[in-house]
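Participant: Shown below is the structure under consideration.
Values quoted throughout were computed directly from the atomic coordinates according to the rules given, and no laboratory measurement underlies them. Nothing here was measured: the structure is a model prediction, and the numbers come from that model. Glycine gets a Cβ as well: all are built from the backbone with ideal geometry, and neighbour counts include every protein chain shown.
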Amino acid sequence: MRKIVKYGLCALLLSVGLMMTWAQDPEPQKQNKVTLVYLEHSETLSFDEANLPETQVLRGNVRFRHDSALLYCDSAYFYEKRNSLDAFGRVRIVQGDTLVGHGDKLYYDGNRKMARFRRNVRLEDGRMTLYTDSLNYDRLNDIAYYYSGGRVCDSLNTLTSVWGQYVPATKKASFKNNVRLVNPDFTLMSDTLNYHTQTNVADIVGPTKMIYKEETTIYSTKGWYNTQNDQTSLLKRSLIEQNDGKTMTGDSIFYDQKEGWGEMFGAMQLTDSAQMVTLSGNYGYYNEETEYGWATDSALMVDWSSKDTMYMHADSMFMLKDTLGQMMRAYRHVRIYRNDMQAICDSMVYTEHDSTIRLFHQPVMWNEEQQVSANFIEVFIKDSVIDRAHLVDAAFVTREVDSIRYDQMSGKEMYAYMKNGEINHVSVSGNAETVFFPKEDDGTLMGVNKTQSSYVNVYMKEGEVDKVVLTAASNGTMYPIDQLSKEQTLLKGYFWAEEERPKDKMDVFRHPGEKVRTDESAPAISDQEAKALNKKERNKGDKANEN
């Protein structure tokens, strides 16, 4: 038989409820001291023992209290003995000052302190709002989670995923499966992500891809991204790609997207695919606006823009752009390996606009069997191959004939011209001196040819001297092969540095130690001096080549 009890009888029933105690959940996740759910208000209360035994049917502005939480709804079934309820219509739970849960339905277990929201669910906590159709809120462990798709929004970002979890105490949200973070400036996609709603920092804890304004793409599996200031720290060999072809890679990267610069640590690589250049080391820096890059600690530059890949090592290497184009600088212990050329020096500058490598402070360069040295050397590249070299101050070219004899050319200035990857013509000016060991057709040494001239042209064939052309005011003498001692055949400033020559691409990391070449060795000239000299001498060298 159905009984209807008017609102005036509620007080009696509530007083009975206050006196009842209930058993504790047998396997709680935390120590759970069971407390009662109290009905505080309802416009009507009824019973239907036949269809709804031990159920209070409540309608109209229903309000419950459980510990510090208040629950509101339009109607409810209250299972007082089980300390639980089902709530319907404009359901709302208010906990503390900021946490509010909304939904069309709620199933609440007071013993386990578990709330199950269904349909049009919304959980609000300060600046964060979570939207889903099914949300479970474990009040005992202070964890809310969904498992069939949801969305978390704040003032900066919107995050969606199949599974999600939120902890009000820590303001931390976790997401799995098809995670997507959308910001006005970027979109992040991942399979796993943590997000701090107070700081707007996303923790990358799984394979993640982020696209920033269609300009920058970030790949990482571990790190964090601050969506307030666009700063990120990336670990585990992360990668940053720019749409202009530049990439940054490292064991760890700190990157400021808003300011446009990044630092790379551990096996870093800075690659410019447009220029076909990679700069690597154990520490690196790059500024996107100025296109300034820096690498140190095992620094290596690899240029694969031509047929012969060039490898260059130095203590520190810099990549920058000026008004004329791209520039590369290297400082201290510079070593270069390329199939058609090897070199060492103290510092180096490469400029893209004129395809010129400038070597400073006692540079030495090798081409096939020839060793080239001076106090300053310029190497001109044309159509990706070495066209000529310009040697300034204490210029010297030598070639080993045998263990005690060396072909030599020295002067104040030289131009060495290349053909098919080998030196085929050398012009020497200013106190030009030569020592050559001409050969018979069968390879027997004919003698020692020593010349002195203000200007001399030497023509090579298959790596050996073929013809020497002197100016009118010159002198030269052919000596019998055994008449002069080894010391008498060596020109002033001679040295042989084959043991310092880079033998392959990995040999550029070898440090043979500091060497003093000659008492007359001069300090490195400045970039300004080199540019002024280039402008004056380049035309002169071109004219000599034409002759």
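Participant: What number results when the radius of gyration of segment 349-478, computed over Cα atoms, is divided by 2.2 N^0.38 Å?
Facilitator: Against the compact-globule rule of thumb, the ratio is 1.06.
Participant: Gain in length, Tyr107 to Ile211, computed as 0.36 nm per residue apart minus the alpha-carbon separation, to one decimal in nm?
Facilitator: Gain on stretching Tyr107 to Ile211: 33.4 nm.
Participant: List, in order, the whole-Hz ³J(HN,Hα) value for each residue of segment 139-151 obtained from phi through the Karplus relation with A = 6.51, B = -1.76, C = 1.60 and θ = phi - 60°; use x for Gly and Pro.
Facilitator: Coupling constants for segment 139-151: 6, 5, 9, 6, 9, 10, 8, 10, 9, 10, x, x, 9 Hz.
Participant: Further question on the same structure: Just want to confirm a number: the relative contact order over the chain, from Cα pairs under 8 angstrom separated by 6+ residues, in percent. Could you put the intermediate results ahead of the total?
Facilitator: Numbers: 1425 pairs, mean separation 25.6, N = 547.
Over the chain, the number comes to 5 percent.
Participant: Quick one: Thr208, Thr216, Thr247, fewest Cβ neighbours within 10 Å first, how do they rank?
Facilitator: Listed from fewest to most nearby Cβ atoms, that is Thr247, Thr216, Thr208.
Participant: Taking a quarter of the surface of the Cα convex hull of segment 285-405, what do you get in nm²? Present the calculation step by step, with values, prior to reporting the outcome.
Facilitator: On the way: hull surface 33.3 nm².
Averaged projected hull area, Cα only: 8.3 nm².
Participant: From the gyration tensor of the Cα coordinates in segment 216-341, what semi-axes in whole Å does the equivalent ellipsoid have, largest first, with each one equal to sqrt(5λ)? Don't skip to the end; give the middle numbers.
Facilitator: On the way: eigenvalues 134, 46, 33 Å².
Whole-Å semi-axes of the equivalent ellipsoid: 26, 15, 13.
Participant: Collect residues whose amide H, placed 1.01 Å from N in the peptide plane, falls under 5 Å from the amide H of Leu491; neighbours closer than 5 in sequence don't count.
Facilitator: Amide H neighbours of Leu491, under 5 Å, 5+ apart: none.
Participant: For segment 337-406, report the % of Cα-Cα distances exceeding 15 Å.
Facilitator: I get 52 percent for the Cα pairs in segment 337-406 exceeding 15 Å.
Participant: With the convex hull built on the Cα atoms of segment 150-297, state its orientation-averaged projected area in nm².
Facilitator: Values: hull surface 33.8 nm².
Averaged projected hull area, Cα only: 8.4 nm².
Participant: What order do you get for 430-443, 223-236 when each peptide is scored by the mean count of other beta carbon atoms within 10 Å, highest first?
Facilitator: 223-236, 430-443
Participant: Convex hull over the alpha-carbon atoms of segment 158-208: what's its volume per residue in Å³?
Facilitator: 66 Å³
Participant: For segment 48-185, how big is Rg over Rh, using alpha carbon atoms and the Kirkwood form of Rh?
Facilitator: Numbers: Rg = 15.9 Å, Rh = 15.6 Å.
Computed over Cα atoms, the ratio is 1.02.
Participant: A further question follows. Let me check against my output: what whole-number percent is the relative contact order of segment 306-381, with C-alpha pairs under 8 Å and at least 6 apart?
Facilitator: Details: 175 pairs, mean separation 17.1, N = 76.
Rounded, it is 22 percent for segment 306-381.
Participant: Give the calculated FRET efficiency between Thr323 and Thr199 to the nearest 0.05, with a Förster radius of 45 Å applied to their Cβ-Cβ distance. Spell out each step's value before the answer.
Facilitator: Numbers: r = 42 Å, r/R0 = 0.94.
My answer for the efficiency is 0.60.
Participant: Neighbouring Cβ atoms within 10 Å as the yardstick, rank His390, His353, His361 fewest first.
Facilitator: So the residues, fewest neighbours to most, are His353, His361, His390.
Participant: Please compute, for the alpha-carbon atoms of segment 130-217, the extent along each of the three principal axes and give them in descending order in Å.
Facilitator: Principal-axis extents of segment 130-217 (Cα, largest first): 45, 25, 21 Å.
Participant: Could you derive backbone 3J(HN,Hα) for segment 222-235 from the dihedral phi with the Karplus parameters 6.51, -1.76 and 1.60 (θ = phi - 60°), listing whole Hz in sequence and x where the residue is Gly or Pro?
Facilitator: 7, x, 8, 9, 8, 6, 6, 10, 6, 9, 9, 10, 10, 10
Participant: Also, quick follow-up: Could you work out how far apart the two model spin labels at Val302 and Asn51 are, taking each label as a point 7 Å from the Cα in the direction of the beta carbon, and quote it in nm?
Facilitator: Once both label points are built, they end up 7.7 nm from each other.
Participant: On average over all directions, what projected area in square nanometres does the chain have, based on the convex hull of its Cα atoms? Intermediate values should be presented prior to the final figure.
Facilitator: On the way: hull surface 143.2 nm².
With the hull built on Cα positions only, its mean projection is 35.8 nm².
Participant: Helix 527-546 versus the longest principal axis of the chain: what is the Cα-based angle in degrees, 0 to 90, to the nearest 10?
Facilitator: For 527-546 against the chain, the angle is about 50 degrees.
Participant: Across segment 161-175, in residue order, what do the Karplus-derived ³J(HN,Hα) couplings come to in whole Hz, using 6.51 cos²θ - 1.76 cosθ + 1.60 with θ = phi - 60° and x for Gly and Pro?
Facilitator: In residue order, the calculated couplings are 6, 6, 10, x, 9, 9, 10, x, 5, 9, 6, 10, 10, 10, 9 Hz.
Participant: So if R0 is 35 Å, what FRET efficiency would Asp97 and Tyr77 give, r being the distance between their Cβ atoms, rounded to the nearest 0.05?
Facilitator: So, using R0 = 35 Å, E works out to roughly 0.75.
Participant: So how far apart, in nm, are the two label points at Ala274 and Asp504 if each is 7 Å from Cα heading toward Cβ?
Facilitator: The modelled label-to-label distance comes out at 3.5 nm.
Participant: Given Lys419/Lys467; Lys81/Lys113; Lys419/Lys461; Lys33/Lys105; Lys382/Lys419; Lys113/Lys172, which pairs have Cα atoms separated by over 18 Å?
Facilitator: Lys33/Lys105; Lys113/Lys172
Participant: Using the basic label-point model (7 angstrom from Cα toward the beta carbon), what is the Lys236 to Ile143 distance in nanometres?
Facilitator: Computed distance between label sites Lys236 and Ile143 equals 2.1 nm.
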